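First comes the structure, then the notes that go with it.
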Amino acid sequence: MDQITLQEFNQLIQHQADPSLTFYMPAIKKGREIQQNAVRFKNLIAEAEERLESRGFGRTERESFLKPLYGLEDDRDYWQNQERGLAVFLSPETLKMYRLPLEFSEMVVLDSRFHIKPLLPLFLENERYYLLTLGKGDIHLYAGTRFDLAELDLPDTPTSLEEALKYDEPVSSLQYQEGAAGSTQQSAIFHGHEQEKDEKSNIKRFFQMVDQGVREVISGSSVPLLLAGLEYLQPIYRQVNSYQLLREEGIQTNPDQLDQESLHQKAWEILSADISESRSQAYDHYKSLENGKTTAQLVEILSAAYHARIDTLFVELEGEVWGNFDLESGSLEFLSREDPASRDLVDLALIHTLLNGGQVQILDQEELELEGNSSAAAILRY
């Protein structure tokens, strides 16, 4: 997987050159169909050639512009090492290619700016978190996002109760044995309570060591820490925890019986609920505002985005409205996606909102509750 840093994302937003070509395509990571990656890419190049020709670029100009992409379909090793989607950004001075964990719809866009809307989940809904698993046999610390979960080292930290206590002096005690002379039911119960108390005390000491190790690794971070463990272990760890951003809600499970992918899925279920709540609160605020403070009219949104009047833009990720908008005059023309002069107007509004310091929220069509096919709404600064 390739990483797009926030700095690179901002460069894609700010980029402006004519022509600027954007490819998005789904990719196959493994299996017999993996050869379809190169075929699909070759077809996208052919479509780009047609779009360039329709824009008046001659054969020599087309071939010169697309030269950095020619021959890549024959790079077998490259196509056998893909993620779920491929994004390509090409201009006369720029070539950026990213194998990403997003399953894109197939798309070719030719404009004076790159098409960036499909990348939004990488930056708007990709909260970072830590996950600490409290197994009876092992302890693991992970760093996670929506798309991956990577284990972190816990240097000089015992990762099991047995390892933590192996240097302890054995405690001599009189063990109650059933049937021993003078034994009673009361002494058996008392001994059972003592065993339980000792076990809890040992676990607590072990977790104190773990907390110290975790603190050394993630100290200074500003992302939440989730616990995944058996129900009776989590309260013990919370007693000794010193990391301020430990989430109250944990994953009640035996992590020793789950693979890393399952742990990742359960952790993201908790984080995604936070995202949904944030979405709802932001859009409830939009609906509570008076007329004149909001708009769902695309022509007004485009003009407001260009003139830095948008506070928050709500966009439907899959929504597309193709056409041409003159930013200076404010004239709007709806066109087909195949028209050489057409671009996704929602993407254009998004770019200018971000360029002018506005916020963006992703909502689906049902959440937006908009009439028609606007695919966007906005809270205005003034």
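Odds and ends about this structure:
- Candidate set from segment 92-128 (those that are within 19 Å of Glu47 (Cβ to Cβ) and hydrophobic (A, V, I, L, M, F, W, C)); member that is most open to solvent (accessible area, probe 1.4 Å): Leu95
- Residue in segment 69-80 that is surrounded by 12 or more Cβ atoms within 10 Å (Cβ to Cβ), in contact with an Asp or Glu (Cβ under 7 Å, 6 or more places away or on another chain) and at pLDDT 95 or above present: no
- Residue within segment 319-328 that is touching a Gly at 6+ places or on another chain (Cβ under 8 Å) and farther than 29 Å from Leu134 by Cα present: no
- Members of segment 297-307 that are under 29 Å from the mean Cα position of the chain (by Cα) and open to solvent by 30 Å² or more (accessible area, probe 1.4 Å): Tyr306
- Leu245 being among the hydrophobic types (A, V, I, L, M, F, W, C) and either open to solvent by 60 Å² or more (accessible area, probe 1.4 Å) or modelled with pLDDT of 95 or more (or both): yes
- Boolean, Asp326 is free of Cβ contacts under 8 Å to residues at least 12 places away in the same chain and more than 17 Å from Gln365 (Cα to Cα): yes
- Among the residues of segment 329-353, those identified as at pLDDT below 95, over 14 Å from Ser112 (Cβ atoms) and either open to solvent by 70 Å² or more (accessible area, probe 1.4 Å) or not aliphatic (A, V, I, L, M) (or both) are Ser329, Gly330, Ser331, Glu333, Phe334, Ser336, Arg337, Glu338, Asp339.
- Selection within segment 273-294 - open to solvent by 90 Å² or more (accessible area, probe 1.4 Å) and part of a loop (DSSP other than H, G, I, E, B): Glu290, Asn291, Lys293
- Residue match in segment 232-251 (condition: over 25 Å from Ser219 (Cα atoms) and either under 22 Å from the mean Cα position of the chain (by Cα) or not hydroxyl-bearing (Ser, Thr, Tyr) (or both)): no
- Residue within segment 16-29 that is in a helix (DSSP H, G or I), buried (at least 16 other Cβ atoms within 10 Å of the Cβ) and not charged (D, E, K, R) present: no
- Pairs where the first residue, in segment 255-283, is farther than 29 Å from Leu313 by Cβ and the second is open to solvent by 70 Å² or more (accessible area, probe 1.4 Å) and outside any helix (DSSP H, G or I), C-beta under 8 Å, 6+ apart: Asp256/Lys136; Gln260/Glu151
- Among the candidates Glu316, Glu367, residue that is out of contact with any strand residue (DSSP E or B) (no Cβ under 6 Å at 6 or more places or on another chain), in contact (Cβ under 8 Å) with a residue 40 or more places away in the chain, surrounded by fewer than 19 Cβ atoms within 10 Å (Cβ to Cβ) and closer than 18 Å to Ser278 by Cβ: Glu367
- Residues of segment 99-113 classified as part of a loop (DSSP other than H, G, I, E, B) and either over 11 Å from the mean Cα position of the chain (by Cα) or small (Gly, Ala, Ser) (or both), total: 6
- For Ile13, the stated conditions do not hold, so it cannot be described as open to solvent by less than 40 Å² (accessible area, probe 1.4 Å) and at pLDDT below 95.
- Looking across Val39, Val88, one residue alone is open to solvent by 40 Å² or more (accessible area, probe 1.4 Å), out of contact with any His (no Cβ under 9 Å at 6 or more places or on another chain) and among the β-branched types (Val, Ile, Thr). It is Val39.
- When segment 55-68 is filtered for residues that are open to solvent by 50 Å² or more (accessible area, probe 1.4 Å), part of a helix (DSSP H, G or I) and in contact with a strand residue (DSSP E or B) (Cβ under 9 Å, 6 or more places away or on another chain), only Pro68 remains.
- Residue list for segment 114-147, restricted to those being over 10 Å from the mean Cα position of the chain (by Cα), part of a loop (DSSP other than H, G, I, E, B) and more than 19 Å from Glu8 (Cα to Cα): Gly135, Lys136, Gly137, Asp138
The values are calculated or read from the model by the stated rules, or taken from the named source; none is laboratory data. Note that the structure is predicted; figures quoted are calculated from it, not measured. Quick reminder, even Gly has a Cβ in these numbers, built from the backbone with ideal geometry, and neighbours come from all protein chains shown. In case anyone asks, the SASA skips ligands and DNA or RNA and just uses the protein heavy atoms, side chains included. Shrake-Rupley method; radii C 1.70, N 1.55, O 1.52, S 1.80 Å.
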